[in-house]
Structure formats: structure tokens, C-alpha cells
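For reference, the structure is listed below as C-alpha cells.
The values are calculated or read from the model by the stated rules, or taken from the named source; none is laboratory data. Predicted model only: the values in this text are computed from it and were never measured. When we count neighbours, we look across all protein chains shown, and the Cβ atoms used for this are built from the backbone with ideal geometry, even at glycine. Quick note on the areas: whole protein, heavy atoms, side chains included, nothing else; ligands and nucleic acids left out. Shrake-Rupley method; radii C 1.70, N 1.55, O 1.52, S 1.80 Å.
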Amino acid sequence: MPKALSTRFTVPLARRETVDARQVLSPPERATDRMPLRAILIPIPDREADEVRLHRLSGAMSVIELLRFPRLLGWQDRRILAQLTENAAAVAGRVPVFRAQIPWGPPFADDLGSRVLSAVDAGTALARA
């Protein structure tokens, strides 16, 4: 049986249960732990793919894609929807957004995580150029 994620942290975690009985773990937040957001990846699992491939989205498509993944579904309040749109546009204006074709298992390649990170490094370097 795999070790629980909570055992991998060396610091105490705040723990709470969601209304649907999931466990939420939160490590303590420190300003020095914050890292800049280099990219946003929208994963597209693909059982036929052999390689990780990134496709950078344009500004408008980035906003639309980000709006497809709200924290909570079903917002109807126009003020909230306007704020969500403004926030998505602000993020998309600062951070490259990619669709990421990901080779999908099982089995999953042992190096899949490092391959995704390498693709992000290459993609963000191109985005800055």
C-alpha cells in the first residue's frame, strides 16, 4: 500500500475534512515558500501519445480555457462572473497558458513528471522569446 501523502511532509500540516468527506492538507504558509507561477497547464490525457506536447494558447483562448475550470461550478451572480473573468484575463496576461498532451497510463512512465517539467521549461522559454 502506498504511503499517505501526509507522511511526505516534514512540517506539521493543517488538516480538515470537506463536506464530501475528502481530507484537505495544508502545509504552513510562509512568504519564502512562494514561487512565481511560470505556466498553467491544461492536461489533455492521451493514451496514444508517446511524448509530452505543449500548445500555447492565445490571449483570448487562454482566458476562455481558464474560465472552464472555476473553483466552484454554477456561479450565476453577474458580479462574481465579472470578477472571475477579470481575474482570468489578468492571469492569462501574465502567465503563459498551455494545453498539454500527456501520455496516459496505466502504466505511467517513471519519468513522466520530469518530462512534463522539461516541456514546461522549453515552452516557457519560447513564450519569453
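Yes or no, residue by residue, for (1) open to solvent by less than 50 Å² (accessible area, probe 1.4 Å); (2) under 30 Å from residue 14 (Cα atoms):
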position	(1), (2)
24	yes, yes
50	no, no
53	no, no
61	no, no
68	no, yes
75	no, yes
78	no, no
107	no, no
111	no, no
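Scan region 1-16 for residues that are modelled with pLDDT of 80 or more and either assigned to a strand (DSSP E or B) or open to solvent by 100 Å² or more (accessible area, probe 1.4 Å) (or both) and the total you get is 3. Scanning region 26-47 for residues that are more than 18 Å from the chain's Cα centre (by Cα), at pLDDT below 80 and open to solvent by 100 Å² or more (accessible area, probe 1.4 Å) yields 29, 30, 32. Whether any residue in region 54-70 is without any contact (Cβ under 8 Å) to a residue 60 or more places away in the chain and part of a strand (DSSP E or B) is what I want to check. The answer is yes, given that some residue of region 54-70 is without any contact (Cβ under 8 Å) to a residue 60 or more places away in the chain and part of a strand (DSSP E or B). Applying the condition of being among the polar types (S, T, N, Q) and closer than 21 Å to residue 56 by Cβ to region 77-124 and asking which residue is modelled with the lowest pLDDT yields 124. Flag not set for residue 19, criterion: exposed (fewer than 13 other Cβ atoms within 10 Å of the Cβ), at pLDDT 80 or above, over 21 Å from residue 104 (Cβ atoms) and in contact with a Lys or Arg (Cβ under 8 Å, 6 or more places away or on another chain). Taken over region 113-123, the criterion of being open to solvent by less than 50 Å² (accessible area, probe 1.4 Å) and over 15 Å from residue 53 (Cβ atoms) is satisfied by 113 alone.
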